[in-house]
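Asks: Here's a structure for you.
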Amino acid sequence: MDSMQPRNLLEMLMMLALGVSVAHAGELPQLGKSPTRDVVAALTREEKVNLVLGTGMNLPFLPEEMRGPAVGEMSEAVPGAAGNTVAVPRLGIPSIVLADGPAGLRIEPEREGDSSRTFYCTAFPIETLLASSWDVDLLERVGQAMGNELRAYGVDVLLAPALNIHRNPLGGRNFEYYSEDPVITGRMAAAFTKGVQSQGVGVSLKHFVANNHEWNRNVINVIVSQRALREIYLRGFEIATREAEPWTIMSSYNKVNGTYTSESPWLLQGVLRDDWHFDGVVMTDWFGGRDAVAQMKAGNELLMPGTGRQQEALLAALESGALSEDVLDRNVEKILELVRRTPTFKGVAPSNAPDLKAHAAQAREAAAQGMVLLENADALPLESGAKVALFGNASYDMITGGTGSGDVNEAYSVSLREGLKGPGLAVDEALAGDYARYLEEQAAARPRPPMPFMLPPPIPERTVSADEIARLSRETDVALVTVGRRSGEFTDRELEDDFGLSDVEKALLNAVSRAFRSEGKKVVVVLNIGGVIETASWRDHADAILLAWQAGQESGHAIADVLTGRTPPSGKLATTFPLSWDDVPSSANFPGKTLLGPDPDAPGFMRGDRDAEVEYEDDIWVGYRHFATKGQEVAYPFGYGLSYTTFEYGDVKLNDAGPGNEVTVSVEITNKGAAAGREVVQLYVSAPGKAAPKPALELKAFAKTRTLQPGESETVSFSLPPRDLASFDEASSAWLAEAGTYTVKVGASSADIRGTATFTRASGETVATVSKAVDTARPSTP
């Protein structure tokens with residue numbers, strides 16, 4: 001290869017790292033054994049401080065103390081991006097772009113001075129739906145498509161995926177998170193991360209850690225045992241970090257056992273770097289934490305979006321010796337290593353022309369694969385040519401995703417009314433026209449939300465007269481009622497009119513059910529929701545229930561695909577639907593208790609937060625771990641989902657190579673029905689539970705078959721490494737696999753086990769010893 005002339009010091013660094021012959025290297029400062037450190041040495045103290053302070057969110061309504069330092073003004077390279085790092089032009093260090101995106105890249109669709117084109121992005125399904133697909137290959141393809149849009153639009157790092165656990169159904173951002181279970185959370189996040197980063201751009205796993213609700217999120221102290229942290233709340237992050245090597249991780253707003261996560265050396269150094277060997281950058285959530293110096297010492301390298309107050313504090317600490325130059329240099333070095341991986345640094349020009357048509361098709365496929373059929377009494381699939389009475393606001397104004405950082409500016413979205421036209425279903429136009437007029441009038445009168453990113457007030461559900469319902473029951477073939485729920489950042493959900501149906505929704509469903517069933521016709525309910533709702537009190541009024549979640553811009557098409565059988569339903573629940581909210585163990589003290597009044601030191605719009613704490617009294621007994629162990633009935637169990645066909649499970653075959661080795665398991669799945677379909681095969685383990693209380697069963701592995709035609713079979717295989725047999729022991733700060741008999745349970749859900757096998761361990765085994773926490777909380781019993 002011919003030698004090349006570097007333009008600046010940082011470019012020389014990259015060229016040497018890549019093995020490129022550098023011409024005229026003597027014209028630039030001599031590099032030592034650690035070229036990145038030589039770049040750090042060339043920076044002034046002020047430049048170093050500015051590099052650890054990002055930029056962004058310089059919005060008109062923000063108070064002065066939340067503004068970035070003058071040297072770090074927000075780059076306009078990608079309008080609508082969440083933030084940037086600071087450039088050092090004299091050394092060729094560019095500003096890289098960070099943007100939101102759990103369900104799709106969030107940037108502005110139009111740009112001032114460029115009216116000839118638009119910059120729309122694909123709105124993919126929410127993470128909860130994607131997890132319900134149980135399909136890691138699908139998640140990787142979604143990640144590839146999203147990563148392609150990042151690269152095309154000049155974005156370097158996606159602020160996603162989000163891995164927090166569905167601890168309680170009322171958690172306001174559950175729609176952005178995958179599951180109540182850390183294994184499916186970690187594997188889905190790992191697959192998505194691999195897909196995104198295959199495009200030469202990075203991700204940021206968030207929110208690390210225990211950011212499980214929105215109430216007082218910026219100041220709340222989460223009191224949680226080390227066992228629950230390790231087994232439930234950290235485990236998904238560990239799986240994704242080890243398997244996919246994310247470029248960055250985002251620390252959360254909250255405290256854990258008294259220390260802000262962004263200021264915790266144990267979490268950021270002990271857990272992330274020492275235990276898991278994470279080698280990327282840790283950034284704060286926007287305005288997260290309180291003490292910039294403590295954040296620097298803990299290993300939170302990048303403070304986003306960076307404020308003038310933080311700049312002053314860091315410079316003063318350097319001057320006084322409260323912050324050593326070595327610590328700052330270490331953090332700057334990490335940021336430079338991130339910068340040199342990016343398309344921006346490599347000079348990749350944005351094409352601004354992603355293949356949105358192909359990505360929409362990918363979004364449609366993903367949406368259909370993750371929808372869950374909860375009930376079906378011979379009501380589905382719908383036959384072509386059927387005339388449909390389409391009830392519910394959300395049938396005509398679908399909720400495709402959430403607001404806040406999970407929002408996307410897509411070019412279009414498909415309503416259910418539009419989606420049903422494709423497979424030849426006829427929607428009653430008189431009813432559709434009434435809904436269209438009502439929604440238009442209500443939208444015009446609705447007040448604007450108090451600030452950007454927040455939800456506007458919901459439009460009240462339209463009341464349908466008894467006469468109209470009676471007419472429709474005579475003139476149409478089937479009733480389809482869509483129940484819609486909005487999702488968004490900043491607030492948690494409510495029990496009334498959110499977790500539960502409103503009085504208008506109950507009356508509508510009851511009236512439609514009576515009228516259509518009196519005519520011998522079926523009633524189908526579609527749930528266009530972002531989180532779990534109560535179903536037990538009304539499900540008997542429906543002949544079929546399709547959980548469509550919030551399915552992105554292709555929602556209407558994807559729902560129609562499943563309703564008609566174009567895509568057979570194959571989704572399974574990645575979160576439990578309880579009979580009642582009171583049955584959820586965390587409901588006893590959700591979301592926590594306030595200790596003092598509003599925090600006077602909280603920045604800007606966060607000043608409403610009050611000093612608060614919540615104790616995770618449910619400990620490891622989250623979701624199905626609690627319900628299965630207690631033998632408590634639920635509406636729909638974890639892992640549950642119906643198909644248009646049936647599957648037979650063969651005998652479970654197990655091969656145990658002994659202590660310290662993997663246990664392998666296989667089972668043959670056969671389609672015994674009359675329709676094609678896919679099955680999600682779930683492997684659970686029941687451990688002895690003598691040394692410490694253990695759940696009745698825990699998910700350890702899963703796989704989704706290919707589409708099986710009637711009579712066709714597929715053998716699914718799993719491997720259980722020793723770590724999958726272990727529980728966390730707080731006294732020794734180690735993962736221990738105890739002696740005794742282990743039962744492998746293979747099934748169609750956590751409550752539908754089709755086959756078992758056992759193996760024994762004559763003695764216990766220490767699988768891994770990890771960093772011991774300084775701050776601990778008392779554990780809870782089941």
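The values are calculated or read from the model by the stated rules, or taken from the named source; none is laboratory data. The model shown is predicted, which means the values in this text are computed figures rather than measured ones. Neighbour counts are summed over all protein chains in view; Cβ atoms, including those assigned to glycine, are modelled from backbone coordinates with ideal geometry. Please note that ligands, DNA and RNA were not included when accessible areas were found on the heavy atoms of the full protein model with its side chains. Shrake-Rupley method; radii C 1.70, N 1.55, O 1.52, S 1.80 Å.
Asks: Hey, could you check segment 747-773 for residues that are out of contact with any helix residue (DSSP H, G or I) (no Cβ under 7 Å at 6 or more places or on another chain) and over 30 Å from THR715 (Cα atoms) and say which is least open to solvent (accessible area, probe 1.4 Å)?
Replies: GLY764
Asks: Taking segment 299-331 as the region of interest, how many residues are of a type in the set (Lys, Arg) and in contact with a Ser or Thr (Cβ under 6 Å, 6 or more places away or on another chain)?
Replies: So the answer is 0.
Asks: Under the condition of being among the charged types (D, E, K, R) and assigned to a helix (DSSP H, G or I), which residue from segment 425-464 is least open to solvent (accessible area, probe 1.4 Å)? Spell out how you get there, then give the answer.
Replies: Step one: filter segment 425-464 for residues among the charged types (D, E, K, R), giving 428-429, 434, 437, 440-441, 446, 448, 461-462.
From what's left, assigned to a helix (DSSP H, G or I): 429, 434, 437, 440-441.
Numbers: GLU429: 98, ASP434: 46, ARG437: 132, GLU440: 135, GLU441: 120 Å².
Among residues in segment 425-464 that are among the charged types (D, E, K, R) and assigned to a helix (DSSP H, G or I), the one least open to solvent (accessible area, probe 1.4 Å) is ASP434.
Asks: Keeping to segment 651-672, report how many residues are under 17 Å from GLU714 (Cα atoms) and either surrounded by fewer than 14 Cβ atoms within 10 Å (Cβ to Cβ) or free of Cβ contacts under 8 Å to residues at least 40 places away in the same chain (or both).
Replies: Residues that pass the stated criteria total 2.
Asks: When segment 106-155 is examined, which residues are found to be open to solvent by less than 10 Å² (accessible area, probe 1.4 Å) and among the polar types (S, T, N, Q)?
Replies: THR122, THR128, SER132, SER133
Asks: Then there's this: Any idea how many residues of segment 617-650 are charged (D, E, K, R), open to solvent by less than 50 Å² (accessible area, probe 1.4 Å) and out of contact with any Leu (no Cβ under 9 Å at 6 or more places or on another chain)?
Replies: 2
Asks: Pairs only if they're at least six apart or on different chains, beta carbon under 8 angstrom, first in segment 334-354 and free of Cβ contacts under 8 Å to residues at least 12 places away in the same chain, second part of a helix (DSSP H, G or I); list them, first residue then second.
Replies: Matching pairs, first to second residue: none at all.
Asks: What pairs come out if I take residues in segment 244-268 that are assigned to a helix (DSSP H, G or I) and pair them with residues that are at pLDDT below 95 and polar (S, T, N, Q) whose C-beta lies under 9 Å away, six or more apart or interchain?
Replies: Within 9 Å, the pairs are TRP266/SER771.
Asks: Let me ask you something else. For segment 616-643, how many residues are at positive phi and of a type in the set (Asp, Glu)?
Replies: Going through segment 616-643 one residue at a time, the tally reaches 1.
Asks: Follow-up. Just to confirm my filter: which helices (runs of 4 or more DSSP H) fall fully inside segment 314-424 and include at least 1 residues that are aromatic (Phe, Trp, Tyr) and either more than 30 Å from PHE278 (Cα to Cα) or out of contact with any Leu (no Cβ under 9 Å at 6 or more places or on another chain) (or both)?
Replies: 393-396
Asks: Kindly establish whether PHE718 is open to solvent by less than 30 Å² (accessible area, probe 1.4 Å) and in contact (Cβ under 8 Å) with a residue 60 or more places away in the chain.
Replies: no
Asks: Now a separate question. Of everything in segment 269-287, what is more than 19 Å from VAL332 (Cβ to Cβ) and assigned to a helix (DSSP H, G or I)? Give them in sequence order.
Replies: GLY270, VAL271, ASP274, ASP275
Asks: Right, something else. Please enumerate the residues belonging to segment 411-424 that are at pLDDT 95 or above, more than 13 Å from VAL388 (Cβ to Cβ) and open to solvent by 40 Å² or more (accessible area, probe 1.4 Å).
Replies: TYR412, SER413 - these are the residues of segment 411-424 that are at pLDDT 95 or above, more than 13 Å from VAL388 (Cβ to Cβ) and open to solvent by 40 Å² or more (accessible area, probe 1.4 Å).
Asks: Still on this structure: Do you know which residues across segment 543-563 are open to solvent by less than 10 Å² (accessible area, probe 1.4 Å) and more than 15 Å from GLU418 (Cα to Cα)?
Replies: Once the filter is applied, which keeps residues that are open to solvent by less than 10 Å² (accessible area, probe 1.4 Å) and more than 15 Å from GLU418 (Cα to Cα), segment 543-563 yields ALA544, ILE545, LEU546, LEU547, ALA548, TRP549, GLN550.
Asks: Further, regarding this structure: In the list ASP467, ASP498, which residue meets the criterion of being closer than 27 Å to HIS166 by Cα, open to solvent by 20 Å² or more (accessible area, probe 1.4 Å), at pLDDT 95 or above and not in a loop (DSSP other than H, G, I, E, B)? Lay out the reasoning, then the answer.
Replies: Values: ASP467 fails: closer than 27 Å to HIS166 by Cα.
Criteria check complete, one pass: ASP498.
Asks: All but one of (1) closer than 19 Å to SER95 by Cβ; (2) in contact with a strand residue (DSSP E or B) (Cβ under 9 Å, 6 or more places away or on another chain); (3) part of a loop (DSSP other than H, G, I, E, B); (4) open to solvent by 30 Å² or more (accessible area, probe 1.4 Å) hold for ARG290; state the number of the condition that does not hold.
Replies: Looking at each condition in turn, ARG290 falls short on (1).
For (1) touching an Asp or Glu at 6+ places or on another chain (Cβ under 7 Å); (2) under 22 Å from ARG217 (Cβ atoms), each residue gets a yes or a no:
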{"residue": "TRP266", "(1), (2)": "no, yes"}
{"residue": "HIS277", "(1), (2)": "no, no"}
{"residue": "LEU314", "(1), (2)": "no, no"}
{"residue": "LEU323", "(1), (2)": "no, no"}
{"residue": "LYS346", "(1), (2)": "no, no"}
{"residue": "PRO354", "(1), (2)": "yes, no"}
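Asks: Restricting to segment 579-612, and then to whatever is modelled with pLDDT under 95 and among the charged types (D, E, K, R), can you tell me which residue is nearest to SER686 (Cα to Cα)?
Replies: LYS593
Asks: Of all residues in segment 305-322 being free of Cβ contacts under 8 Å to residues at least 24 places away in the same chain and either among the charged types (D, E, K, R) or open to solvent by less than 40 Å² (accessible area, probe 1.4 Å) (or both), which is farthest from MET283 (Cα to Cα)?
Replies: Per the criteria, the residue is GLU319.
Asks: Looking at segment 106-122, is at least one residue closer than 30 Å to PRO637 by Cα and touching a Ser or Thr at 6+ places or on another chain (Cβ under 8 Å)?
Replies: Just the residues of segment 106-122 that are closer than 30 Å to PRO637 by Cα, to begin with: none.
The answer is no; no qualifying residue exists.
Asks: Select from segment 196-213 the residues that are buried (at least 24 other Cβ atoms within 10 Å of the Cβ) and outside any loop (DSSP other than H, G, I, E, B) and list them in ascending order.
Replies: Listed by number, the residues that qualify are VAL196, GLY202, VAL203, SER204, LEU205, LYS206, HIS207, PHE208.
Asks: Where the second residue is of a type in the set (A, V, I, L, M, F, W, C) and open to solvent by less than 10 Å² (accessible area, probe 1.4 Å) and the first is assigned to a helix (DSSP H, G or I) and lies in segment 530-542, which pairs have Cβ atoms under 7 Å and are six or more apart or on separate chains?
Replies: ARG539/ILE545; HIS541/LEU509; HIS541/VAL523
Asks: Starting from residues that are closer than 26 Å to PHE175 by Cβ and not small (Gly, Ala, Ser), keep the ones in segment 75-105 and report whichever is surrounded by the fewest Cβ atoms within 10 Å (Cβ to Cβ).
Replies: Per the criteria, the residue is PRO79.
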